[in-house]
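The values are calculated or read from the model by the stated rules, or taken from the named source; none is laboratory data. Being a predicted model, the structure only gives us computed values, none of them experimental. Please note: Cβ atoms are built from the backbone with ideal geometry, for glycine as well, and neighbour counts cover all protein chains shown.
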Amino acid sequence: MAHQHHTNDHGEVSLGYRRMFFTLAIVLIIMVAEVIGGIVSGSLSLLGDAGHMFVDALALGLSLFAMSVSRRPATATRTFGYYRVEILAALANGVILVLVAAYIIYEAYQRFLEPPQVKPPLMLTIATIGLCANLAGILLLNRASRGSLNIRAAFWHIVGDTVSSVGVIAAGVIILLTDLYIADTIVAVVIGVIILWGAVRIVREAGDILLETAPKHLEMAEVTGALKDIPGVNEVHDIHAWTITSNIYALSAHLVIDDQMVSRSVDIVRNARQRLAERFDISHTTLQLECESCPTGLVCELDKPETNRDSKS
């Protein structure tokens, strides 16, 4: 049996943490401005954007907390450490986004029934400030989001805010030029749908990780074939691959080999680990070596209950 453990790049983690913190500060400042601006101007899309930013602040705070907890070392009872806390945070953020999208769409429906009066100049001013802040947040989180589902969930919050700000600006321009106040409500619906689309992706990906689905980048037939191609490996079975947390993949498998010296068996394991790491980015492997395997559907004599063997004798 062989184990290979992944070592996190603590510098990248710390950089992501700092960027998340600065993004949270920006979101809180703009959120307050949008709440005030939305109330004064009467803009639902601006208030929806402010509500989304409030949720973003909670989400970023949750993500920061998860990143702090995930740094804790493994224990005797939590042998993989606290990596999955980040996935739980991502799942929570995705669910929150779904609820926010549903609320925005519901409020938009109410406004379709009774379109309100909107003050476009103030609406445009606040939305433009929000757009600049959101773009800064995207720049801060873009790189870090590629290596962590948790940060990616937070990143999607900011992307949703950016789209919201663009939509609010578009609605403000339309109202200013045409007095078509329903544009504000239509933009709110579009914002809600875009937020919902990103949220569903985050929830689905987090759910796949928690259900230990095979990583998306892996073709299990290709992985099995790569192991079978290793000199000395006759058969591969009971193969399982899963994601521990973002970009940390694990695999376990049984390798059937010829009866041979232990030193040669170690070479097979070493080759298998190297191939899995280089070709498939699998950093944690557990390999069991066997000299023979039972035919499918049969039970080996040694595995039968004692009474059965006694009765035969």
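Within region 229-249, residues that are under 18 Å from Ile151 (Cα atoms) sit with their Cβ atoms under 7 Å from residues that are of a type in the set (Phe, Trp, Tyr) and at pLDDT below 90, at 6+ positions apart or across chains, in these pairs: Ile244/Phe80; Ile244/Tyr83; Thr245/Tyr83; Ile248/Tyr83. Scanning region 70-124 for residues that are of a type in the set (Phe, Trp, Tyr) and either within 14 Å of the chain's Cα centre (by Cα) or part of a loop (DSSP other than H, G, I, E, B) (or both), we see that the one that is surrounded by the fewest Cβ atoms within 10 Å (Cβ to Cβ) is Phe80. Here Gln260 clears all of (1) in contact with a helix residue (DSSP H, G or I) (Cβ under 6 Å, 6 or more places away or on another chain); (2) in a loop (DSSP other than H, G, I, E, B); (3) polar (S, T, N, Q) except the condition numbered (1). Within region 204-219, residues that are in contact (Cβ under 8 Å) with a residue 12 or more places away in the chain sit with their Cβ atoms under 8 Å from residues that are surrounded by fewer than 17 Cβ atoms within 10 Å (Cβ to Cβ) and in a helix (DSSP H, G or I), at 6+ positions apart or across chains, in these pairs: Ala214/Met220. I'd like to know if region 178-187 contains one or more residues that are surrounded by fewer than 20 Cβ atoms within 10 Å (Cβ to Cβ) and of a type in the set (Ser, Thr, Tyr). Checked region 178-187: at least one residue is surrounded by fewer than 20 Cβ atoms within 10 Å (Cβ to Cβ) and of a type in the set (Ser, Thr, Tyr). Take the conditions at pLDDT below 80, basic (Lys, Arg) and over 30 Å from Lys119 (Cα atoms) and apply them to Arg204. Does it pass? Taking the combined requirement at face value, the residue does not satisfy it. The listed residues are Arg309, Arg279, and the only one of them that is modelled with pLDDT under 90 and of a type in the set (Lys, Arg) turns out to be Arg309.
Within region 233-257, the set of residues being buried (at least 17 other Cβ atoms within 10 Å of the Cβ) and part of a loop (DSSP other than H, G, I, E, B) comprises just one member, Ser246. Being without any contact (Cβ under 8 Å) to a residue 12 or more places away in the chain and either surrounded by fewer than 17 Cβ atoms within 10 Å (Cβ to Cβ) or assigned to a loop (DSSP other than H, G, I, E, B) (or both), is that true of even one residue in region 37-51? Yes.
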